[in-house]
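Taking it in order: structure first as structure tokens, then the write-up.
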Amino acid sequence: MKAAVWYAKKDIRVENVDEPVVEAGEVKIKVEWAGICGSDLHEYVAGPITIPTEAPHPLTKGTAPVIMGHEFAGEVVEVGKNVTQVAIGDRVTVEPMITCGKCKACRQGRYNLCEVIAAFGMSGVGGGFSEYTVVSEDMVHKIPEYMSYELAALVEPTAVAMHAVKLSNLKVGDTVAVFGAGPIGLLTVQASFLAGAKKVFAIELSEERRKVATKLGAVAISPAESDVAEEIMKQTAGDGADISFEATGVPVVLEQAVNSTKMGGEIVIESLWESKPELDANSLVFKELNLIGSIGYRNIFPTVIDLIADGKLEVSDLVTKKIALDNIVEEGFESLLQEKSQVKILIKP
């Protein structure tokens with residue numbers, strides 16, 4: 001079968017590989033659609049970041065090269081022994097976290113904080129950028145018959161945004177600022193409105209992405225055309241945002257978020273960082289700001305599936321291109337790097 005395999009930074013190859021074999025407790029899926037995630041892009045541009053290249057991952061026992069792709073949906077075509085919750089023909093999406101189930105975080109149900117967490121499609125095992133893939137039964141979530149596979153492929157990134165909003169102290173009537181209008185930022189805009197935000201600002205350089213944010217109901221601000229903090233203060237009667245979500249991983253943006261948030265407000269960092277940002281701690285102290293981090297998601301996939309399937313979250317607006325697996329490098333990864341108009345690119349294996 002064909003698959004997109006990560007070998008090293010800037011080295012992803014579409015090649016023929018052996019079709020995976022189902023073992024006991026596993027499910028084989030014919031992948032219908034898969035999405036390129038920001039973390040996939042980080043691995044392409046600056047990796048290895050989380051992909052093991054020398055020592056095997058303690059859970060998966062695997063190393064690179066690895067088939068990429070952790071945002072995907074498809075049809076179950078085979079099940080292994082002892083599989084009871086999934087049947088051949090089921091339409092599914094996959095929650096790609098692999099956890100130990102034994103550490104303190106796992107025992108508390110906070111499995112996204114597992115001490116040795118692995119990601120399907122990254123941690124030496126995977127992935128969704130292939131014609132077929134095999135996952136553990138407990139990673140599979142059924143989707144309704146009326147939900148398209150394209151929408152189901154967007155459940156995973158939506159769960160990231162929903163978890164961040166759920167983790168925050170956002171209350172009905174609050175004003176929110178979302179820094180970055182990539183896929184996670186735009187999904188955070190929607191999740192904020194769903195949680196009761198009265199007004200949401202979306203701060204983004206790309207004009208095309210600002211248009212999508214505006215379509216979703218946000219007030220779009222270009223940091224190239226105005227001072228972000230001044231503009232937000234102006235539009236909030238000098239108060240600032242109640243909650244700010246940082247979804248870029250760019251150091252200067254974190255500073256903008258601090259300056260744009262009201263006294264006693266909260267900043268939620270959703271992004272992963274390639275570098276260590278500098279931050280004036282006094283800027284947090286003097287405003288008594290709460291700064292929290294949000295990673296992945298937990299116990300939220302079924303809710304997200306329902307919200308998308310029932311039209312409560314209009315995630316289809318994020319899809320800007322659909323391509324074949326053969327073109328994943330030039331039309332996928334390189335397109336995301338070079339074309340700021342791109343938001344979410346879906347792959348058809």
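Is it the case, given these coordinates, that C114 is over 23 Å from the mean Cα position of the chain (by Cα), within 27 Å of E270 (Cα to Cα) and modelled with pLDDT of 95 or more? No, not satisfied. For first residues located in the stretch 36-60 and open to solvent by less than 60 Å² (accessible area, probe 1.4 Å), partners that are at pLDDT 90 or above and of a type in the set (S, T, Y) and lie 6+ apart or on another chain with Cβ distances below 6 Å form the pairs P52/T63; H57/S123; T60/S123.
Step by step: first the residues of the stretch 313-349, then only those that are in a strand (DSSP E or B) and open to solvent by less than 10 Å² (accessible area, probe 1.4 Å), then the one that is farthest from F129 (Cα to Cα). Which residue is that?
Residues of the stretch 313-349 that are in a strand (DSSP E or B), as a first pass: 319-324, 344-348.
Next, only the ones that are open to solvent by less than 10 Å² (accessible area, probe 1.4 Å) stay: 344-347.
Details: K344: 15, I345: 12, L346: 10, I347: 7 Å.
It comes out as K344.
Among the residues of the stretch 132-151, those identified as of a type in the set (D, E) and touching a strand residue (DSSP E or B) at 6+ places or on another chain (Cβ under 9 Å) are E137, E145, E150.
For a quick check of your reading: which strands (runs of 3 or more DSSP E) sit entirely within the stretch 213-312 and have at least 1 residues that are modelled with pLDDT of 95 or more, within 15 Å of G180 (Cα to Cα) and open to solvent by 20 Å² or more (accessible area, probe 1.4 Å)?
On the way: elements: 219-221, 241-246, 261-269, 290-293.
Here the list reads 219-221, 261-269.
Considering the stretch 14-29 alone, what residues qualify as being part of a strand (DSSP E or B), more than 12 Å from V79 (Cα to Cα) and either of a type in the set (D, E, K, R) or in contact with a Cys (Cβ under 6 Å, 6 or more places away or on another chain) (or both)?
The first filter runs over the stretch 14-29 and keeps only residues part of a strand (DSSP E or B), leaving 14-16, 26-29.
Keeping just the survivors that are more than 12 Å from V79 (Cα to Cα) gives 14-16.
Hit for the stretch 14-29 is E15, nothing else.
Looking across the stretch 18-35 at every residue that is hydrophobic (A, V, I, L, M, F, W, C) and surrounded by fewer than 15 Cβ atoms within 10 Å (Cβ to Cβ), the one that is farthest from L346 (Cα to Cα) is identified as A24. The set of residues in the stretch 1-36 that are within 21 Å of the chain's Cα centre (by Cα) and acidic (D, E) contains only E32.
Out of curiosity, is T84 under 23 Å from M1 (Cα atoms) and in a loop (DSSP other than H, G, I, E, B)?
On the way: under 23 Å from M1 (Cα atoms): no; in a loop (DSSP other than H, G, I, E, B): yes.
Considered against the rule, which asks whether it is under 23 Å from M1 (Cα atoms) and in a loop (DSSP other than H, G, I, E, B), T84 comes out as no.
Taking each residue of the stretch 1-16 that is open to solvent by 80 Å² or more (accessible area, probe 1.4 Å) and looking for partners that are modelled with pLDDT under 95 and among the hydrophobic types (A, V, I, L, M, F, W, C) with beta-carbon atoms closer than 8 Å, six or more apart or interchain, yields K9/V45; K9/A46; K10/V45.
The values are calculated or read from the model by the stated rules, or taken from the named source; none is laboratory data. It should be emphasised that the depicted structure is a prediction, and the values quoted were computed from it without experimental measurement. Neighbour counts are summed over all protein chains in view; Cβ atoms, including those assigned to glycine, are modelled from backbone coordinates with ideal geometry. For accessibility, only protein heavy atoms count, side chains too; no ligands or nucleic acids. Shrake-Rupley method; radii C 1.70, N 1.55, O 1.52, S 1.80 Å.
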